[in-house]
Amino acid sequence: MVLTDEQQALLDGSRGDVMAKVVKTLVMYGETFGAKRMVPVTSAYGHTVISFGLGVMKPIYDLYDTLLGGDLPAGQRFTADPRPLDDKVPASFLENLVFKKFMYNQQARYEAQLEKLGVTGDDGYTCTCYMDEVGNTPKRGEVLSWAESSAVVYANSVLGARCNRNSGIIEIMGSIAGFVPEFGLLTDEGRKATWVIDVRCKNRPEPQLLGSAIGMKVMEDVPYIRGMEPWLGTELNDAAKDYLKDFGAATASNGAVGLYHIEHLTPEAVDMGESLIAEGAQTWVIDDETLEQVRKNYPVIWKDPAAAPKLCFVGCPHMSLNQLKDWTDAVEAGLAETGRQQVAVPTVFTAPTPVIREFEKTPYAARLAKTGVVVSYICPLMYMNNPLCKSKAVITSSNKLRTYTSARYYTEADILGIITGKETAR
Amino acid sequence: MKVFKGRPVVPGTCTAEALVSREGFNTLASYQMALMFGDKKVKCGDQNNADIYKKPMGGKALCLPMTIGSTTGGMVLYAACAMGRQPACMLFSKHIDSLAASGAILGDVWTDVSMPVVDQLGDEFLQYVQTGMTITVAADGTVTVA
């Protein structure tokens, strides 16, 4: 890799040993992927995937202390993934004890570190930082130093920004340095599709299942997806963006997809069409049967697979304002059908703090509260990262949450049926 | 016995027992519970990976195509290194992915741990190697499977 004089000086220690190690890390990272140079980070904000102060991850926070003690340049400000704790979310006495005294006992230390490093504030703790209400929405072509798989795949695919699937810690180092190695999804070549996916479903494919199927098939490759027009149209409106948010999160967690193109819809596919497809790309056809098979293959790892659900999470990644409103309508309608006043299963909808604030300004908030559904800014994945949850029957419509925890996946329609008492979990 | 030649991403030497994941290795799902609760054997927690679910990963030669999943992957791998819970080495049949590379590099630059990482060993490597075989890694990326 060829460095500028300034970058070389940093590597040689002109700004101290810590900065030299930061640059060395970025250089090694780039050279592993054949990067020839560093390029400036051009977005307004970064985004870090690490938002949790886990007691056992102490080495991470020790490393951040080293960074903070290293006389580093003032880096880019950034948003962060959701916080792991919120008293509004139902938890037993024992769970609260485990969360606060054992698991997340480094939370205060870590948040103080993030503040010094430049986190944007309380509103910035969400995995969907790109939503308008949050304000970390990169422009097309901007170079990012982000981590958080669902946010990276959204920024690349839906917004047309350029970001590799960076890891936690590396993304902060890119924000500190102000430059990142140029390779992979930062290049035109790396953004070409090596898979063509033909969706031939008769029914609207569930975004979480379609994303899961594609992620497992293409792994880290870039898919060009055809046949979605009947379901998503050709305009990137709020409904399409919500669909793509949930779809993308599943491609990134069930596989390692960092960018997808949807024919006639996502910005690069609209501009460049099938010229985005690389020579020799493989083709895969998906139909309703494929998706049903994928769903059936998900393991159920509850201690008692026949247990009645004790908790339901919707919103991993965090929900949008429109999703909160749509779900409010749907829950109310479902309860009206079953004659219930409140949901049959304790249910938590998760969303960014500024989205919750906007939601609370609408009449929907009171209506949803009446159904018993709790709205929280929490990260459900972090909530479930404890052994007590293994014996707790948690259900979700999130494939990402299913992948990383013992939560059991159901389609959105099934989740609605279960929480409104129309159907029982099976 | 068979010899494979790959690219040393983090050069080093070691001899260890193979643990083989023929599917993408989900770093967060595999490590999170083991690290969180101090499991010294570092048993794999990824319910979706039938090859290695519940098998001890600590000190093994982890053979895999690539890693998948959350972008906490590199951080998790770094934490495993800093806590002494890392595999003996990581051997990739394909080109290493950005998350695994991050973790391996962070471990190399910011800790004193030695965890050799070799990639591009080829599909034949992953077809040949079986869990329990003995792996020897040389600094130039030569991997001997016996």
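What follows is calculated from the coordinates using simple rules that are stated; it is not laboratory data. Keep in mind it's a predicted model, so treat the numbers as computed, not measured. Every residue, glycine as well, gets a Cβ built from its backbone with ideal geometry; the counts of neighbours run over all protein chains shown.
Counting only DSSP beta bridges whose two residues both lie in chain A, roughly 10 percent are antiparallel.
Computed packing ranks the peptides A:296-309, B:125-138, A:217-230 as A:217-230, B:125-138, A:296-309, most packed first, by mean other Cβ atoms within 10 Å.
Within the protein assembly as shown, all pairs of alpha-carbon atoms sorted by distance into 10 Å bins from zero give the percentages 4, 18, 30, 28, 16, 4, 1, 0.
I'd like to compare A:80-86, A:105-111: which one has the highest average count of other Cβ atoms within 10 Å, and what's the full order after that?
Values: A:80-86: 23.4, A:105-111: 16.1.
Taking the mean over residues of other Cβ atoms within 10 Å, the ranking is A:80-86, A:105-111.
Hey, how many Å between the Cα centroid of segment B:1-72 and the Cα centroid of segment A:381-426? Between the Cα centre of segment B:1-72 and that of segment A:381-426, the gap is 27 Å. Using C-alpha pairs under 8 Å with a sequence gap of at least 6, the mean separation divided by the residue count of segment A:221-369 gives a relative contact order of 22 percent. Shape class for segment A:5-186: oblate, because the ratio a/c of the largest to smallest gyration tensor axis (alpha-carbon atoms, square roots of eigenvalues) is 1.5 or more and b/c is at least a/b. Mean sequence separation of contacting Cα pairs (under 8 Å, at least six apart), scaled by the length of segment A:5-186, corresponds to a relative contact order of 33 percent. Give the distance, in whole Å, between the Cα centre of segment A:270-348 and the Cα centre of segment B:85-119. After rounding, the separation between the Cα centres reads 34 Å.
Shielding value for A:162-175 is 6, the average number of Cβ atoms from other chains within 10 Å of each residue's Cβ. Here's how it looks for residue A:373: its modeled amide H is under 5 Å from those of A:343, which are all 5 or more places away or on a different chain. Fraction of C-alpha pairs exceeding 27 angstrom in chain B: 9 percent, rounded to a whole number.
One Cα centroid belongs to segment A:117-191, the other to segment A:11-57; the line between them spans 13 Å.
Does segment A:311-419 come out rounded, prolate or oblate, given a ≥ b ≥ c as the square roots of the eigenvalues of its C-alpha gyration tensor, rounded meaning a/c under 1.5 and, failing that, prolate meaning a/b above b/c? Write out the running numbers ahead of the final one.
Details: a/c = 1.97, a/b = 1.29, b/c = 1.52.
Oblate.
Remark: mean inter-chain Cβ contacts per residue of A:22-33 equal 5, using a 10 Å Cβ-Cβ cutoff to other protein chain atoms. For the residues A:92, A:51, A:157, a GNM of chain A with alpha-carbon springs under 10 Å puts the largest fluctuation on A:92. Across chain A, Cα pairs under 8 Å and at least six residues apart give a relative contact order of 17 percent. Shape analysis of segment A:190-296 places it in the rounded category; the axes a ≥ b ≥ c from the Cα gyration tensor give an a/c below 1.5. Loop-located chymotrypsin sites (Phe, Trp or Tyr not before Pro) in segment B:1-65 (DSSP state other than H, G, I, E, B) with a sparse environment of at most 16 neighbouring Cβ atoms within 10 Å: B:37.
In terms of distances greater than 25 angstrom between alpha carbons, the cross-link table entries A:390/B:54; A:303/A:400; A:116/A:361 yield A:116/A:361.
Evaluate peptide B:7-13: per residue, the Cβ atoms of other protein chains within 10 Å of its Cβ; return the mean as an integer.
On the way: counts 1, 0, 3, 2, 0, 0, 0.
Partner Cβ neighbours, averaged per residue: 1.
Helices in chain B, meaning DSSP H runs of at least 4 residues, each add -39500 (n - 2.57). Divided by all residues, the mean residue ellipticity at 222 nm is -8000 deg cm²/dmol. Summary of packing: across the peptides B:107-115, A:128-136, A:257-265, the per-residue average of other C-beta atoms within 10 Å ranks them, highest first, as A:257-265, A:128-136, B:107-115.
Helical runs assigned H by DSSP (4 residues or longer) give chain A a calculated mean residue ellipticity at 222 nm of -11500 deg cm²/dmol, each run adding -39500 (n - 2.57) before division by the residue total.
Note that segment A:24-34 has calculated 3J(HN,Hα) couplings of 4, 4, 5, 5, 4, 4, x, 5, 4, 10, x Hz, one per residue in order, obtained from phi through the Karplus relation 6.51 cos²θ - 1.76 cosθ + 1.60 (θ = phi - 60°); glycine and proline are x.
The residues packed around residue A:257, meaning those with a beta-carbon under 11 Å from its beta-carbon, carry a net charge of 0 if Lys and Arg are +1 and Asp and Glu are -1.
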